[in-house]
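Here the structure is laid out as structure tokens; the discussion comes afterwards.
The values are calculated or read from the model by the stated rules, or taken from the named source; none is laboratory data. No experiment lies behind these values; they were computed from the predicted model shown. Positions of Cβ are backbone-derived with ideal geometry, glycine not excepted, and every protein chain shown enters the neighbour counts. Calculation scope for accessible area: heavy atoms of the full protein, side chains included, ligands and nucleic acids excluded. Shrake-Rupley method; radii C 1.70, N 1.55, O 1.52, S 1.80 Å.
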Amino acid sequence: MASSAGLALCGQTLVVRGGSRFLATSTASSDDSSLFVYDCSTAEKKSQENKGEDGPPFVPGSGAILASTFSESGRYFALTDDSKRLILFRTKPWQCLSVRAVVRRCTALTFTASEEKVLVADKSGDVYSFSVSEPHGCGRLELGHLSMLLDVAVSPDDSFILTADRDEKIRVSWAAAPHSIESFCLGHTEFVSRIFVVPGYPELLLSSSGDGTLRLWDYKSGHQLHCCHLASLQELAEPWSQKRLAASRIAFWRQEDCVALLCDCIPAVYIFQLDALRRQLLYTQRLLFQRRVWDVAFEETQGLWALQDSRENPLVLCRPVDGQWQLVPESAAVQTVCGVLRGHWAMLAGCAGADAVFSGLYKATFDNMTSYLQKKEERLQQQREKRRRRSPPPGPNGQTKKMRPGQVAWSC
């Protein structure tokens, strides 16, 4: 999976990443004191000699950020890059605490609810845990899949580790004994791109997939509660109506139990209402944008922020007005954050026009039967042609003339 532009929000702290850099700022402050910029390409590079025998060697890379996340309280921030590194930060004030090597390039990461560990999922299907209180400690292998992991999450009480893989599965494992599996959430027919434990409803899980569905689960039992097919929400006249939809972000707004779903390379965000009592999702609206949307995130006091491929307006804010989400005219907060991003647009420029993140994960299908039948017909035709050439010419009355043994055919 390639690097892409991303957005993260915790409280009023907003982080935008692109390429090897990220910047952090505040949506409530207009001064430069709240701005923090970090470039992974210039970060400390661990060597094998410095790490000891147990740690993997440093692998050169561009430093492009692959995944990032806040801890629940917002006190910590972590990211992984294509140089196989896990970089941990303290956010108040911003400070890099450690740069640690990981075994393989990572696809997703999350903090435990206690904020004692960072769980890192990689492309080979393994999940490693890294200590937060011991920021230079080596990783510990927790569990493994037989296929690439695309996302990882934890239950609010840290009892379960939830993992999503390329082979359509969601696994629920006990955190204390990850080899013990509580359940599987099965039903997707393509790779599971995102999973999200719903805040305030610790038994509910949202998942999205390359099959173009958003599903609601009781993940402890593995029971599917509801399924929304995104293809039914599209209009045929839209230029992306024939594209396969894979969600790149699931966001949740606690105030109204609102779910926002962003699909890869689609300039639209689907809005759903979670009915927790009936345990179902209600489709309410689709927000359309002029440019490709890279990422979305809710701020509890403001609304839905969207990071888009536009240098003039890289960030837009949406709020519900009379039950319908609408773009907010540029407020002071929007102008401030957009001004900061315009000054650092170089880090996002490389993400413009990039291919879909999940395009290479779909199952490959081959129509072998058509090719087989065609080749079979060609072989039969060749055999008939050979038999026709070998058979003797017919006699005067149309029948083939039989010759006696030893008789030689004479011709004039």
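The set of residues in region 178-221 being within 13 Å of E168 (Cβ to Cβ) and charged (D, E, K, R) consists of E190, D211, R215.
Considering every residue within region 121-137, establish whether at least one is out of contact with any Lys or Arg (no Cβ under 6 Å at 6 or more places or on another chain) and within 30 Å of L277 (Cβ to Cβ). The answer is no; no qualifying residue exists. With respect to the conditions (1) touching a Ser or Thr at 6+ places or on another chain (Cβ under 8 Å); (2) modelled with pLDDT of 95 or more; (3) surrounded by 18 or more Cβ atoms within 10 Å (Cβ to Cβ), L205 lacks only one, and its number is (1).
Yes or no: region 92-107 includes at least one residue that is in a strand (DSSP E or B) and without any contact (Cβ under 8 Å) to a residue 12 or more places away in the chain. Checking region 92-107: at least one residue is in a strand (DSSP E or B) and without any contact (Cβ under 8 Å) to a residue 12 or more places away in the chain.
Could you list all residues from region 8-22 that are open to solvent by 30 Å² or more (accessible area, probe 1.4 Å) and in contact with a helix residue (DSSP H, G or I) (Cβ under 8 Å, 6 or more places away or on another chain)? Correct list: R21 only.
With the condition kept exactly as written, say whether any residue in region 90-105 is touching a Cys at 6+ places or on another chain (Cβ under 9 Å), crowded, with 23+ Cβ neighbours inside 10 Å and of a type outside the set (V, I, T). Checked region 90-105: at least one residue is touching a Cys at 6+ places or on another chain (Cβ under 9 Å), crowded, with 23+ Cβ neighbours inside 10 Å and of a type outside the set (V, I, T). Limited to region 361-408, what total is found for residues that are polar (S, T, N, Q), open to solvent by 100 Å² or more (accessible area, probe 1.4 Å) and at pLDDT 85 or above? Qualifying residue count, region 361-408: 2. Within region 146-168, the set of residues being closer than 23 Å to S248 by Cβ, surrounded by fewer than 18 Cβ atoms within 10 Å (Cβ to Cβ) and out of contact with any Lys or Arg (no Cβ under 6 Å at 6 or more places or on another chain) comprises just one member, D167.
Could you check region 292-335 and list, in sequence order, the residues that are β-branched (V, I, T), open to solvent by 30 Å² or more (accessible area, probe 1.4 Å) and in contact (Cβ under 8 Å) with a residue 24 or more places away in the chain? First the steps, then the outcome.
Of the residues in region 292-335, the ones β-branched (V, I, T) are 293, 296, 301, 316, 321, 328, 334.
Now restrict to residues that are open to solvent by 30 Å² or more (accessible area, probe 1.4 Å): 301, 321, 328.
T301, V328 - these are the residues of region 292-335 that are β-branched (V, I, T), open to solvent by 30 Å² or more (accessible area, probe 1.4 Å) and in contact (Cβ under 8 Å) with a residue 24 or more places away in the chain.
Sort out which residues of region 75-85 are surrounded by fewer than 21 Cβ atoms within 10 Å (Cβ to Cβ) and modelled with pLDDT of 95 or more, and write them in order of number. Before the answer, list the steps.
Step one: filter region 75-85 for residues surrounded by fewer than 21 Cβ atoms within 10 Å (Cβ to Cβ), giving 75, 82.
Selection gives R75 alone.
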